[in-house]
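Remarks on the structure that follows.
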Amino acid sequence: QVRLVESGGGLVQPGGSLRLSCTASGIMFSLYDMAWYRRAPGKERELVASITSSGITDYADSVKGRFTISRDNVKNTVYLHMNSLTLEERAVYYCPAARFRTTYWGQGTQVTVSS
């Protein structure tokens, strides 16, 4: 059974930081491309950052220089370090795992940015 469990969300003030984690089980984690998406209230889901199985990273323009995606293939975990968070980044954050035509999703973790 494949499971992706996101954690690390919570309440943070504007300008603050959070580190999200996503731990996978039931898959050969090192072979999967990983990513972080977010869905803000009333908005479409958007890609935030991605990291391939070989470690190549990419970011949405809006988060470049502030967010860092990384992975630990020993712990089967992908991380998203978020700095200088803005009110507009309040959303549920998800980490899909993709390989070929198969994508698995977790339940997401809520990030609330509020003063």
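The values are calculated or read from the model by the stated rules, or taken from the named source; none is laboratory data. All values derive from a computational prediction rather than experimental measurement. Counting neighbours? That spans all protein chains shown, and the Cβs are built from the backbone with ideal geometry, glycine included. All accessible areas refer to the heavy atoms of the entire protein, side chains included, with ligands and DNA or RNA removed. Shrake-Rupley method; radii C 1.70, N 1.55, O 1.52, S 1.80 Å.
Of all GluC sites (Glu not before Pro) in segment 1-70, which ones are in loop regions per DSSP and have a Cβ with at most 16 other Cβ atoms within 10 Å? List each step's numbers first, then the result.
On the way: sites: Glu6, Glu44, Glu46; in loops: Glu44.
Passing sites in segment 1-70 are Glu44.
Assuming charge only on the beta carbon of Lys and Arg (+1) and of Asp and Glu (-1), the dipole of the chain about its Cα centre is about 180 debye to the nearest 20.
Using a 1.4 angstrom probe with every protein chain in place, what is the largest-first accessible-area order of Ile56, Ile27?
Working: Ile56 110, Ile27 25 Å².
These residues rank, largest area first, as Ile56, Ile27.
Please tell me the relative contact order of the chain in percent, rounded to the nearest whole number, where contacts are Cα pairs under 8 Å and at least six residues apart. Write down the numbers at each step before the final one.
Values: 276 pairs, mean separation 41.6, N = 115.
Worked out over the chain, it gives 36 percent.
Could you check how much of the accessible area of segment 39-115 is carbon and sulfur, as a whole percent, using a 1.4 Å probe?
Values: 2080 of 4550 Å².
Answer for segment 39-115: carbon and sulfur cover 46 percent of the accessible area.
Amide H contacts of Arg90 (H built 1.01 Å from N, in plane; Pro and chain starts excluded): Val113 sit under 5 Å, all sequence-distant by 5 or more or on other chains.
Neighbours of Thr103, meaning other residues whose beta-carbon lies under 13 angstrom from its beta-carbon, give a summed charge of +2 when Lys and Arg score +1 and Asp and Glu score -1. Name the residue from Pro96, Gly15, Thr68 whose Cα lies farthest towards the positive end of the charge dipole of the chain, charges +1 on Cβ of Lys and Arg and -1 on Cβ of Asp and Glu. Towards the positive end, the residue furthest out is Pro96. Rg then Dmax, both in Å and based on the Cα atoms of segment 2-115: 13.3, 42.
Using the 1.4 Å probe convention, the accessible area of the chain works out to 56 Å² per residue with neighbouring protein chains retained. With every protein chain in place and a 1.4 angstrom probe, the accessible-area ranking of Asp33, Asp72, largest first, reads Asp33, Asp72.
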